[in-house]
Amino acid sequence: MSKSKVYRGEYMPTENNGDAEREEKLRKCIEESLKYSNSQIYLPPIYNPPILSCVSAQTQQQKIVETAKEKVDSTDWAKMKEKPPYGGAGKWKCNLFVYDALTQAGAKVPLETRWSISNFGYVSYPPLAGQWGDPSHTIQGWVVVTDPQPGDVAAIPSNAGGASGHVGIVSGDGKTISATDKSVVENDWGFRDDQKGTVVFRRYVGQ
């Protein structure tokens with residue numbers, strides 16, 4: 001099969017082996033599995049990543065969901081638990097849960113960097129819920145989409161409760177998996193009526 005890329009939702013073959021039927025099947029597979037033909041995708045002007053192949057994208061999304069589901073009821077990301085190297089006791093860890101689940105599933109998540117007064121230097125950390133939930137914030141390998149699918153990341157920015165928001169992983173129709181103060185849960189967070197228009201969804205497209 002020839003290698004192909006999708007830029008801003010468009011299918012572009014990078015090698016033409018003369019097999020028009022094979023190219024057409026791949027194009028339809030990409031459109032069906034990622035639904036880019038019906039999505040409005042936000043990409044910063046200078047950010048234009050190659051998309052995963054059709055088959056690998058489907059497998060990757062499934063792996064993300066499976067990994068997240070394995071952690072339901074776990075207390076490893078509870079607020080009062082230590083979760084080194086990034087999560088100390090008393091800290092909200094929904095973003096750390098998402099980071100751990102995604103990286104374990106093979107979806108790369110780049111670390112953020114900020115200046116730390118206490119460390120007197122720059123420190124790296126997983127993207128915060130507020131950064132996942134900011135459509136203008138670039139997280140390399142992840143694009144903002146409007147048609148949430150299992151395996152996508154869902155986030156709502158907020159300044160309440162000492163956190164930048166809340167973030168989880170879409171696990172099914174109208175459901176997400178996320179870490180609360182006590183345990184990892186699967187529920188309808190992110191799809192509730194009063195949350196419409198506030199949720200930012202992102203999909204992994206590789207780096």
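Which one of these does V143 not meet: (1) in a loop (DSSP other than H, G, I, E, B); (2) in contact with a Leu (Cβ under 7 Å, 6 or more places away or on another chain)?
Here V143 clears every test but (1).
Could you list, in sequence order, the residues of segment 117-150 that are in contact with a strand residue (DSSP E or B) (Cβ under 9 Å, 6 or more places away or on another chain) and over 30 Å from A89 (Cβ atoms)?
P135, S136, G141, V143, V144, V145, T146, D147, P148, Q149, P150 - these are the residues of segment 117-150 that are in contact with a strand residue (DSSP E or B) (Cβ under 9 Å, 6 or more places away or on another chain) and over 30 Å from A89 (Cβ atoms).
So, in segment 77-94, how many residues would count as being touching a residue at least 40 places away in the same chain (Cβ under 8 Å), within 20 Å of V109 (Cβ to Cβ) and not hydrophobic (A, V, I, L, M, F, W, C)?
The number of residues fulfilling the criteria is 2.
Given the options A155, A129, A163, name the one that is of a type in the set (A, V, I, L, M), surrounded by 14 or more Cβ atoms within 10 Å (Cβ to Cβ) and at pLDDT below 95.
Answer to the selection: A163.
Considering only segment 172-200, how many residues are closer than 16 Å to W77 by Cβ and surrounded by fewer than 24 Cβ atoms within 10 Å (Cβ to Cβ)?
The number of residues fulfilling the criteria is 8.
Would you confirm, using the coordinates I've provided, whether K108 is closer than 15 Å to Q61 by Cβ, of a type in the set (K, R) and surrounded by fewer than 22 Cβ atoms within 10 Å (Cβ to Cβ)?
yes
Hey, which of the strands (runs of 3 or more DSSP E) in segment 1-116, taking only ones fully inside, have at least 1 residues that are under 21 Å from the mean Cα position of the chain (by Cα) and modelled with pLDDT of 50 or more?
112-116
The values are calculated or read from the model by the stated rules, or taken from the named source; none is laboratory data. The shown structure was predicted, so the numbers you read here are calculated from the model rather than taken from an experiment. No Cβ is skipped: glycine too gets one built from the backbone with ideal geometry, and neighbour counts run over all protein chains shown.
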